[in-house]
Amino acid sequence: MPPRGRRPTWPTPLLPYGSIDSGRPEPRTTSLLVALQVLVDGGAAARDAAEAGRALAERLEPLLADAAPCGTYREMLRAGPGQRRRARSSATRLRKELAAAARTGLADRFAQASVDLLRGQNSDAAGPAARVDFDARSAEYCRVLVDVTGHGVVPAN
């Protein structure tokens, strides 16, 4: 714990001077904290929506490939009997997967997460607000930084 009246300095190899000191508003530090604040505020809901979307995409991809002949009458005529059966079956399974995603509100959750992450901070008050938020939730910022970079280290040139 730092002495009373002093802000904590969190060591990190991200910056040439080796730390994030929210009390010293340097442009690079402020930009980093503002960008991280958007991700920290997005939180678990954004991660959950992204993971659910990724899982849905993985399930839909093979179904879409198999259902391709259903796209046009000409493609269905060109397809052999086995391909037509697979295409119809895949189209039915696609409808079921999409209906299940709609019932769980996946599109709404994904849209909300997208809006939250794209909204960002564009005001002059964003820098000081991010520094204050970093002081209050530094562990979350460090966790997100590690999640984003994969290891928390970005070489400084």
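Considering only residues of the stretch 19-40 that are open to solvent by 30 Å² or more (accessible area, probe 1.4 Å) and in a loop (DSSP other than H, G, I, E, B), which is modelled with the lowest pLDDT?
Gly23
What residue, among those in the stretch 66-114 that are open to solvent by 70 Å² or more (accessible area, probe 1.4 Å) and aliphatic (A, V, I, L, M), is modelled with the lowest pLDDT?
Top of the filtered list is Leu77.
Go through the stretch 122-157 and give me each residue that's at pLDDT 80 or above and assigned to a loop (DSSP other than H, G, I, E, B).
Hit for the stretch 122-157 is Arg137, nothing else.
With respect to Gly43, determine if the residue is exposed (fewer than 13 other Cβ atoms within 10 Å of the Cβ) and assigned to a helix (DSSP H, G or I).
Working: exposed (fewer than 13 other Cβ atoms within 10 Å of the Cβ): no; assigned to a helix (DSSP H, G or I): yes.
So Gly43 fails the test.
The values are calculated or read from the model by the stated rules, or taken from the named source; none is laboratory data. Given the structure is predicted, the values throughout are model-derived calculations rather than measurements. Glycine gets a Cβ as well: all are built from the backbone with ideal geometry, and neighbour counts include every protein chain shown. To get the accessible areas, we keep the full protein, side chains included, count just its heavy atoms, and leave off ligands, DNA and RNA. Shrake-Rupley method; radii C 1.70, N 1.55, O 1.52, S 1.80 Å.
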